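Okay, structure first, notes after.
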Amino acid sequence: MSDASDTRRTVYLLLTAVAVAAAAARVFGAENLFEPSRYTPPADGYTANAPDPPRAWPATRPDPTPMFSSNDRSRFATIRALVDEGTYAIGRRVYPDGEDPKRFKDEGIVAEPQYKSLDIVLRPLGDGATGPQTREFYSSKPPLMPTLLAGEYWFLKKVFGLDIVRDRFVVMPLIVFTVNVLPFAVYLVLLARLVEGAGKTDFGRILAFTTGAVGTFLVTFSGTLNNHSPAAFCVLFAAYPLVRALQEKRDMPPAGYLCCGFFASFAATFDLPAAALLAALGLPLLVARTRNTLLFFVPGAILPLLALLACNAAAMGQLMPAYSEFGGPWYNFVGSHWAKRGTPLAKGIDFNEEPTAVYAFHLLFGHHGWFSLTPVWFLSLGALVGLGIRSAADVRKMFAKPAGTGWTPEVFAAMTLVVSVTVFAFYLTRTQSYNYGGNTSGPRWLFWLIPLWVLAVPPAADRLATSRGGRGLCAVLLTFSVFAVFYPAANPWRNPWVLSLLEYTGVKRY
């Protein structure tokens, strides 16, 4: 081992310690805070950031909670219901007279102030319902993740006597730590190995690893229960055996095919558009290495998908997830946030109706921009385009059954670019929900792409490492990336710094 590589490994170790400690601190220090600037001030008070629609300051002391938003409340409600009540239903709407759907009473977890959430659905009444009726509330989030985490809560409850209501500041942080911090530590260990092979200079490798450790929104969202962080971890776990194999110019072992298929599929169960990555990895492998792909990759990929479908069926009696019902009666019930669409009450970012071109701009370069909030990605984009252009010959070789898997760094870069463009285009088609992911500090629907873009940093940074100006440019890009990560210090479910600036100056408000 050379002195240079030993120094890099020391840097990786120290940065891993810093990043994991920062993520753990966010988890165990989590508490939802009420920020005065996010509420309507008195008539003669400060108004630059006054919300629209108006939001009243609480009249009494809110009950403390480590849950930050509708998003994590919805998931924790399912975890609680599964263990404490043995059901996926997180509440009930009782109709004393089934013939009058406007007379009802909500009961159960969703009726508790701490668990009030926008991310819920209500089973529709049956046709011709008469007499007393009861409808169940469910989380609108896919049930596989809460089902798995309910197992941890069950263990904590049965073995240690911990209760998710009484001991919320113990149970909830432990669950979030398990799903957000422990995998993050493994993620960084594997990432260090991959950037070692992807880069040629100390500067390029260290810049890429620093970006992965403290320069992406995986750190921001480490303190809240969400699906995007585990999806990103799974993407790296899926890519790891393939990228290591192409760096070492060899085929993957059977375990590599199995892990590649399992984690790519598992990522899709957290973030459905990650199915594009599953297809982008699986189809070329099927052509180049048919036997190993069928024997190991495909069975690995099937397991998470079957688990997701089974949980969907157990939770709601259908194979499709709840959010497939968006815009229909499951969502548009009396009192639902989403039923406001088309009415004067439809205000705020959730009911944004910007033209597609404007939405695309802000999702890339504007207030929720992939590049404006993480400008290091400009380096990745340059590398992906450059490597992708050079990949045409390698793609032809891939389908000629070469000695290895057929993948090269150039082909992997082209795949990353194609998958990224496909996912971005997919979200441009979702015209019913042009809300940038709601009140969130970054383009969260794209977070699962983060590890793929980190792996593209070294080739571009290597080129810039030869000059002082190039290194300075990289440092500036990293500075603004880290700033965006740590700006929402109190709550990841708040505006990015760019949108806060636009609101403060009166340029843009939703």
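Obtain the nm distance between the two label points defined at Asp63 and Phe378 by a simple spin-label model: each point lies 7 Å from its Cα along the Cα-to-C-beta direction.
According to this spin-label approximation, the distance is 4.8 nm.
Pull out a ≥ b ≥ c, the square roots of the eigenvalues of the alpha-carbon gyration tensor of the stretch 113-180, then state rounded if a/c is under 1.5, prolate if not and a/b is larger than b/c, and oblate in the remaining case.
prolate
Where the accessible area of the chain is counted over protein heavy atoms with a 1.4 Å probe, how much of it, in %, is carbon and sulfur?
Looking at the chain in its full context, I get 65 percent from C and S.
Give Lys105/Lys508; Lys157/Lys347; Lys141/Lys508; Lys340/Lys508 a once-over and call out the pairs whose C-alpha atoms are over 32 Å from each other. Display every interim value, and only then the final one.
On the way: Lys105/Lys508 39 Å; Lys157/Lys347 41 Å; Lys141/Lys508 30 Å; Lys340/Lys508 22 Å.
Table pairs above 32 Å Cα-Cα are Lys105/Lys508; Lys157/Lys347.
Cβ neighbours within 10 Å, averaged per peptide: list 240-250, 270-280 in order, most packed at the top. Present the calculation step by step, with values, prior to reporting the outcome.
On the way: 240-250: 17.2, 270-280: 20.9.
Per-residue mean Cβ counts within 10 Å order the peptides as 270-280, 240-250.
Can you give the net charge of the other residues whose Cβ lies under 13 Å from the Cβ of Glu248, counting K and R as +1 and D and E as -1? Please report the intermediate quantities before stating the final value.
Values: positive: Arg193, Arg244, Lys249, Arg250; negative: Glu196, Asp251.
Counting the neighbours of Glu248, the net charge comes to +2.
Which of rounded, prolate or oblate describes the stretch 188-289 when judged by the alpha-carbon gyration tensor and an a/c cut-off of 1.5?
Since a/c reaches 1.5 but b/c is at least a/b, the shape of the stretch 188-289 is classed as oblate.
With the dipole of the chain worked out from charges on the C-beta (+1 for Lys and Arg, -1 for Asp and Glu) around the Cα centre, which of Phe412, Gly366, Asn71 lies farthest toward the positive end?
Going by the Cα projections, it comes out as Phe412.
Charges at C-beta only: +1 for Lys and Arg, -1 for Asp and Glu. How large is the resulting dipole of the chain about its Cα centre, in Debye rounded to 20? Walk me through the intermediate numbers first.
On the way: 45 positive and 35 negative charges, 196 e Å.
Dipole of the chain, to the nearest 20 debye: 940 debye.
Go through 56-68, 411-423, 461-473, 138-150 and give me the packing order, highest mean Cβ count within 10 Å leading.
Those peptides, ordered most packed to least, come out 138-150, 411-423, 461-473, 56-68.
With every protein chain left in place, what is the accessible area per residue of the stretch 62-171 in square angstrom, probe 1.4 Å? Please report the intermediate quantities before stating the final value.
Values: 4890 Å² over 110 residues.
Result: 44 Å² per residue.
So if R0 is 45 Å, what FRET efficiency would Val165 and Thr422 give, r being the distance between their Cβ atoms, rounded to the nearest 0.05?
E(calc), rounded to 0.05, equals 0.60.
Place a point 7 Å from the Cα of Phe28 along the Cα-to-Cβ direction; which residues of the stretch 164-205 have their backbone N under 12 Å from it?
Under 12 Å, as judged by backbone N against the label point of Phe28, lie 170, 173-174, 177 of the stretch 164-205.
Taking amide H positions as placed 1.01 Å from N in the peptide plane, with prolines and chain starts having none, which residues 5 or more places from Thr134, or on another chain, fall under 5 Å of its amide H?
Under 5 Å from the amide H of Thr134: Tyr95.
Report the local net charge at Ala30: Lys and Arg +1, Asp and Glu -1, summed over other residues whose C-beta lies under 12 Å from its C-beta.
Net local charge, Ala30 excluded: 0.
From the square roots a ≥ b ≥ c of the eigenvalues of the alpha-carbon gyration tensor of the stretch 256-411, which class results: rounded (a/c under 1.5), prolate (a/b over b/c), or oblate?
Values: a/c = 3.55, a/b = 1.40, b/c = 2.53.
Oblate shape, in that a/c is at least 1.5 and b/c is the bigger or equal ratio.
What is the dipole size for the stretch 60-152, taken about its Cα centre, with +1 at each Lys and Arg Cβ and -1 at each Asp and Glu Cβ, in debye to the nearest 20?
Dipole size: approximately 200 debye.
Might you report the magnitude of the Cβ-based charge dipole of the stretch 268-400 about its Cα centre, with Lys and Arg at +1 and Asp and Glu at -1, to the nearest 20 debye? Show your work: numbers first, answer last.
Working: 8 positive and 6 negative charges, 96 e Å.
Taking the Cα centre of the stretch 268-400 as origin, the dipole is about 460 debye.
When the label point is put 7 Å from the Cα of Ser336 along its Cα-to-beta-carbon vector, which residues of the stretch 307-324 have a backbone N closer than 13 Å?
From the stretch 307-324, the list is 322-324.
First measure r as the distance between the Cβ atoms of Phe155 and Ala357, then evaluate 1/(1 + (r/R0)^6) with R0 = 30 Å and state the FRET efficiency to the nearest 0.05.
0.05
Taking a quarter of the surface of the convex hull around the Cα atoms of the stretch 358-510, what do you get in nm²?
Mean orientational projected area (the stretch 358-510, Cα hull): 11.3 nm².
Compute the signed sum of charges (Lys and Arg +1, Asp and Glu -1) over the other residues within less than 13 Å, Cβ to Cβ, of Pro496.
Within the 13 Å Cβ shell, the charges total +2.
Order these peptides, 194-205, 285-296, 350-361, by their mean beta-carbon neighbour count within 10 angstrom, highest first.
Averaged packing, sorted descending, gives the order 194-205, 285-296, 350-361.
Over the stretch 272-354, with the other protein chains present, what is the accessible area per residue in square angstrom, probe 1.4 angstrom? Provide the component values of the computation, followed by the final result.
Values: 4010 Å² over 83 residues.
Heavy-atom SASA per residue in the stretch 272-354 reads 48 Å².
Expressed as a whole percent, how much of the Cα-Cα distance distribution for the stretch 215-271 exceeds 19 Å? Could the numbers behind the result be given before it?
Values: 593 of 1596 pairs.
Roughly 37 percent, rounded to a whole number.
Taking 2.2 N^0.38 Å as the expected size of a compact globular protein, what ratio does the Cα radius of gyration of the stretch 137-236 give against it, to two decimals?
Details: Rg = 16.9 Å, N = 100, 2.2 N^0.38 = 12.7 Å.
Dividing the Cα radius of gyration by 2.2 N^0.38 Å gives 1.33.
Residue by residue, what Karplus-based ³J(HN,Hα) values in Hz, rounded to whole numbers, does the stretch 338-353 have, using 6.51, -1.76 and 1.60 with θ = phi - 60° and x for Gly and Pro?
6, 6, 6, 4, x, 10, x, 7, 6, 10, x, 5, 5, 10, 4, 10
The values are calculated or read from the model by the stated rules, or taken from the named source; none is laboratory data. All figures in this text were calculated on a predicted structure; none of them were measured in a lab. Heads up, the Cβs are rebuilt from the backbone with ideal geometry, glycines too, and the neighbour counts pull from every protein chain shown. We work out accessible area using only protein heavy atoms, side chains counted, and drop any ligands, DNA or RNA first. Shrake-Rupley method; radii C 1.70, N 1.55, O 1.52, S 1.80 Å.
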